[in-house]
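Please read the structure below before turning to the comments.
What follows is calculated from the coordinates using simple rules that are stated; it is not laboratory data. All values reported here derive from a predicted model rather than from experimental measurement. Cβ sites come from the backbone with ideal geometry, for glycine too, and all protein chains shown count toward neighbours.
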Amino acid sequence: MKYLIAEDEKELQQSIATYLSHEANVCETASDYHEASEKLELYEYDIVILDINLVTGSGLDLLKKLKKQQKKCGVIIISANSSLDNKLEGLDLGADDYITKPFHLAELNSRIKAVLRRGQFGGDNTINFQEIKLDTMARSAYVNGKAITLTRKEYDLLLFFITNQGRVLSKAIIAEHLWGDDSDLLDNFDFIYVHINNLRKKLTKEGAKYIQTAYGSGYKFIAD
Amino acid sequence: MQNISKRPTEVVINSSQIKNSTPNKTKLLRKASKTFLITSIVIMILSGIVLFIYTKSLLENEIEEELYSNKDRVERLLKNNPDLVGIPPIMMAEKTEISEENVLIDTLIFDPLQDEVELFRQLSGTRNINGQEYKITVRAMVIESEDILSAIVLTFLSIIFLAFIFLFYLNKSRNEKLWQPFFVNLERLKSFSLKSDKPLELNDSDIVEFDELNKQMLALTSKVQADYRNLKQFTEDVSHEMQTPLAIMQAKIETLFDQQNINEKQYEQLSSLQFDIQRLKQLNNRLILLAKIDNNQFTADENISINETLKQSIDNFTEITQTRIALNGKDEITAIMDKALASILFNNLLTNAIKHNFGNQPISVVIEKNHVQVINAGTEGLSNPEYIFDRFYKESKKPDSTGLGLSIVKKICDFYGFLPSYRFHESSKKHIFQIEFDT
């Protein structure tokens, strides 16, 4: 996959690029409006990560241009402004998703994967990981072709694990993915244990032992 | 716990929030009328007394002069007619041996004509006329002069009383007119709101002092308004500006997680950092939320069911907490408000109840009549319940609370005119937070 990260904060841009460069992805970066505009003219990307407030112009203008050119790339907007108006404007202009700073990279990654699933492989709603199969339309999970019953949160958790496979996920990251703003409601993430343990039990019962504990209190979904 | 003495009193955004209960205070016009009344009563009493004393002494002098001249007349008559006896009891002459000085006294004498005892002023003295001592007594009725006296004083008092009544009303209406611009502007000031972008508008006055007052008020309010706007803008800007550095920090921690060469201890440190970033982010979000409510950015008001909203909030909580929450909806409440704000309102109340719940007791939510109560167990009442809805006030020493949750509750309630309150039920040891809806 080829990504363009249009973000004027160099540090953030580099962190995103480093993080996403796994899995044989190519990440290119643009630090201002003109650079981003130029790269979008010249090359094709699968996903464009677009900051609204680029130093020399608005990311939204870039988005308009992109849509005019009818390029088939997914666009995810990142913004420091959580206001609903901004979000709606971005989505109206044709962005595929909108994420507010500060965000977790794992969250960004799972949003990218979701956009890719919806776009590029339109029609293919299944995700496979070893013997596990997820049907993202029906929101159901199968191990070795056998359906397993998962709660809504357990399904989301499994999908999040698979899209971020091989990465260390802390409780804070998982909580925010599963509960969004509601994860702020309580200040400890102990409630995560319950859901992860339930999921782990259900998977282990079918012989799929992929949820591993990392560094004591983090989690990692990995095939041995 | 914070230093209580340094806490500012609650910030008043609308002047109308200032309570009108002002004991021991008198209204301006009433005060002016009162002063006028007291002064006029004192003047009336004093001038009445002076008039009384003066007229009385005048009348007494008059009587005495008359008595002396009557005595003279009797003496002159006696010279020609030694056997004169006079007209008893007004004028009398009798022969006597002893000589006496002139004496003036008051005496009571039975007047056969009127068939009653009357008060007379009497002058008596002896006089040698043609070698014979005569005792001459002349009298004048006092009653008559007293009648005149009271007539004069009463007439005077009624005239002055009428004059005062007239002056009182004249003065009152004059004062009302004079202070009119002041009262109009006072009302304007009362309805002035810091939140509105409109400057304070005051009526012009041709009175120099009022004009000066207006100018000072305008200068002051526009300054306060500008400061308030700046402060709000500042909070918002800071919150937004912090998002990017926070995003960088968070991203770096995650890239570190992702590298294989960190150990468990480093992971602990990093995830604790992640947790602190989470707190900053939470603080930011809440400050932005407060600013948004202030800026009237929640305008999607609709008629929502409080019961339904509470049920959804509680359902959400069952996924993230072990604490049991029991909903007891005795009545049905609906309110016209933004759906998102309604969820935030109840989420904050429930979060507060869960965080400060004592032991493993269930939290109960009661919907009754026009209010919702969120009840959690505690050990003792708050030491400063009056500050509980203030920004950044923390009663407990829990380090992980932002101190904004309940002030958001208050802000939302203020925005829609709901009434939040707190009390501690001693016998059952329960904290009770109540929201009264105006339905």
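Observations on the structure shown:
- Between amide H atoms placed 1.01 Å from N, distances below 5 Å from B:His371 occur with B:Phe437, all of them 5 or more places distant or on a separate chain.
- Inter-part distance where the range B:327-382 and the range A:2-81 are each reduced to a Cα centre, Å: 44 Å
- Seen against the Cα atoms of chain B and their longest principal axis, helix B:339-355 is set at about 90 degrees.
- Only one residue of B:Ala335, B:Asn347, B:Ile304 has its Cα farthest out toward the positive end of the dipole of the range B:252-361, where Lys and Arg carry +1 and Asp and Glu -1 on Cβ, and that residue is B:Asn347.
- Sequence-ordered 3J(HN,Hα) estimates for the range B:287-302 from the Karplus curve with 6.51, -1.76 and 1.60 and θ = phi - 60° stand at 5, 5, 4, 4, 5, 5, 5, 4, 8, 6, 8, 9, 10, 7, 6, 8 Hz, glycine and proline given as x.
- In a reduced charge model with +1 at each Lys and Arg Cβ and -1 at each Asp and Glu Cβ, the protein assembly as shown shows a dipole moment near 2940 debye about its Cα centre.
- CD proxy at 222 nm, helix term only [per DSSP H run n ≥ 4: -39500 (n - 2.57); per residue of chain B; nearest 500]: -19000 deg cm²/dmol
- The B:Gln266 and A:Thr126 beta-carbon pair, evaluated with R₀ = 30 Å, returns a calculated FRET efficiency of approximately 0.20.
- Taking a ≥ b ≥ c as the square roots of the eigenvalues of the Cα gyration tensor, the protein assembly as shown is prolate, since a/c reaches 1.5 or more and a/b is larger than b/c.
- Within chain B, the longest segment free of exposed loop sites, counting chymotrypsin sites (Phe, Trp or Tyr not before Pro) that fall outside DSSP classes H, G, I, E and B and have at most 16 other Cβ atoms within 10 Å, spans B:1-357.
- A simple charge model with +1 on the Cβ of Lys and Arg, -1 on the Cβ of Asp and Glu and nothing else charged puts the dipole of chain B at about 2320 debye relative to its Cα centre.
- Under-5 Å amide H pairs with B:Ile129, H placed in peptide plane, nonlocal only: B:Tyr134
- Folded to 0 to 90 degrees: helix A:33-42 orientation relative to chain A principal axis, Cα: 80 degrees
- Here B:Phe166 and B:Leu58 are evaluated by their C-beta separation; at R0 = 51 Å the FRET efficiency comes out at 0.95.
- Each label was represented as a point 7 Å from its Cα along the Cα-to-Cβ direction; for A:Thr213 and A:Leu91 these points are 3.9 nm apart.
- Highest-fluctuation residue, B:Asn128, B:Asn384, B:Asn347 considered, GNM on chain B with Cα pairs under 10 Å: B:Asn128
- Given A:Lys39/A:Lys67; A:Lys113/A:Lys171; A:Lys146/B:Lys311, the pairs whose alpha carbons are separated by over 23 Å: A:Lys146/B:Lys311
- Here's the picture: charge each Lys and Arg Cβ at +1 and each Asp and Glu Cβ at -1 in the protein assembly as shown, and of B:Thr402, A:Val26, A:Leu203 the one pushed furthest to the positive end of that dipole is A:Leu203.
- With at most 11 other Cβ atoms within 10 Å, longest stretch of chain B clear of loop GluC sites (Glu not before Pro) (DSSP): B:202-331
- Top of A:Leu50, A:Leu88, A:Leu134 by mean-square fluctuation, Gaussian network on chain A, Cα under 10 Å: A:Leu88
- Residues with amide H under 5 Å from that of A:Thr29, placed H, sequence gap 5 or more: A:Ile5
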